[in-house]
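Asks: Quick one: the structure is below, and I'll ask about it shortly.
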Amino acid sequence: ACATAAVATAPPWRDEDDVEVRHAEPLRGSVTHGRGDGGMAGGCRAHFCPDENMRASVRESLRQEFRRCSAFPDRTTIPRGRGCRPVLSPEILAKRWFSLVEEGGLAQPFAEELDSEAEQAISIRVMQVLHEFDVFERGAVLEEDWLHEMLLLTDERLAYAITEPLQNALRTRPRFLLDLQRLFDMGDPTGCGYLSAKQVAEMYACRAIRFAAKPESPGHATVSDDELRIKGPQTLARELLEEMDVNGDGLVSYGEFVAYCLGRRKTAVYLYMYDLSKGLAQTLSPWVLPPGLTSIWHTGVVAFDREYFFAKDAVWDVPGKTDFGVPSRKVFLGYTLWTQGELHNYICGRLKPIFHRGTYDAIGNNCNNFADRLSLFLTGRRLPDEVLLQTERLLQVAAIRALRPVLNRALREHVAARTPTVASAAAAETSAEAPQPSRQ
């Protein structure tokens, strides 16, 4: 519903019925307001004027490269109205790459042409790229597919979170991705690939978007004219930017914009750190323990109002209410766009085979390794160095190296083997059929 509202509220945009789909040159936006509304709403119109002195934008450069790649005489096209739209097929992209290698002198030094092994390697990579870029599974790549994937190359985590909901949207509305890109273009006329609070406010003022960043109820995903007039574009823009901005840079990237339009919402992720030595490690550090080892950390990752950690199994409990007591420190790791159900699928499908009683190692495969994998999945970030380097620092102690087998046997029985797990009481909160990590 949110995705449909995003496109439905955008001003109409018409393609010319030429052989190729035409796109606007880099544009500069200026807003002219109607009277009687204090610079908002009513008669607001957006005038986007070409700026001849403006450098080619990132998006326009990507579009130009797509056109160069598809500019071979035997290019493939698909019907569109009375004309055709150029697409990239494996043959076309392979030819482009072959020519770039030969023109750039990247072929073998003593060979006039690429040998068969080099051609085969390029052909294989071409098939891999097109498979990744073919969002709608057409068997070829359209310009909007190319632009979408290229803009997401800098953040694979966003790309993975977007792919499935985007494919679902495209099945019912094939032009959905193209419409979203045009909506983003309106807010980012310079083509830098980011939206500022000012640009988002202009989109509100010109009715290009009507997102309700903090809806009063799930059924009210858009703001009315009265709400826009009362709150004002600037306030609405700040609220929306806060919801869209996943990496905390104060801007909205193309990927964050698409993710929000597809219904992805960010969730805060924290690391709860527990000093198992209760301060004793800091006292012993100068004489017994190596420098820098002032705590013996157990960690758990908190998201969706649950604390996930590795004990007997991959388990969860109420944050801060585990058997490890009160956390010594709470660290903000970032935001995630994954849902709780997707997190549970990852834990049960990918982590449980690695983290269980039989594989537990007090030094090399413990709660901190589990938390690090969770953090990477959720936020793309690793744990703080004082936790990650704990294993290396512990192994500097000869006594700990000698006692490692004894520690493993003891901890498997007492730390890793806790009370019998029960089925998750909150299973109904996600999917009844989805796998669930156990509750302690």
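The values are calculated or read from the model by the stated rules, or taken from the named source; none is laboratory data. Not measured: the values here are computed from a predicted model. Don't worry about glycine lacking a Cβ; one is built from the backbone with ideal geometry, like all the others, and counts go over all protein chains shown. Calculation scope for accessible area: heavy atoms of the full protein, side chains included, ligands and nucleic acids excluded. Shrake-Rupley method; radii C 1.70, N 1.55, O 1.52, S 1.80 Å.
Asks: Identify the GluC sites (Glu not before Pro) of the range 164-245 meeting these criteria: DSSP loop state and at most 10 other C-beta atoms within 10 Å of the C-beta.
Replies: Taking the range 164-245 and a limit of 10 other Cβ atoms within 10 Å, the loop GluC sites (Glu not before Pro) found are GLU216.
Asks: Quick one: accessible area per residue over the range 327-367, 1.4 Å probe, rounded to a whole number of Å²?
Replies: Value returned for the range 327-367: 41 Å² of accessible area per residue.
Asks: Which order, highest average first, do 385-393, 303-311, 259-267, 174-182 follow once you tally other Cβ atoms within 10 Å for each residue and take the mean per peptide?
Replies: Going from most to least packed, we get 303-311, 259-267, 174-182, 385-393.
Asks: Now for a different question. Please give every one of the lysines within straight-line cross-link reach of LYS352, meaning a C-alpha to C-alpha distance under 24 Å, and leave out same-chain neighbours fewer than 8 residues apart.
Replies: Filter leaves LYS312, LYS321.
Asks: Give the distance, in whole Å, between the Cα centre of the range 118-139 and the Cα centre of the range 338-391.
Replies: 32
Asks: PHE332 versus GLU91, label points 7 Å from Cα toward the beta carbon: distance in nm?
Replies: 5.5
Asks: Which whole-number value in Å² is the accessible area per residue of the range 147-218, probe 1.4 Å?
Replies: Accessible surface, normalised per residue, equals 43 Å².
Asks: Roll a 1.4 angstrom probe over the protein heavy atoms and tell me the percent of accessible area of the range 148-207 that is carbon or sulfur.
Replies: C and S fraction of accessible area: 54 percent.
Asks: Another one. Could you work out how much longer the chain between THR163 and LEU376 gets when fully extended? Use 0.36 nm per residue separation minus the Cα distance between them, nm to one decimal.
Replies: Stretched out fully, the THR163 to LEU376 stretch lengthens by 74.8 nm.
Asks: Can you figure out the FRET efficiency of ARG171 with ILE354, using R₀ = 25 Å and their beta-carbon distance, to the nearest 0.05?
Replies: FRET efficiency, ARG171 to ILE354: 0.15.
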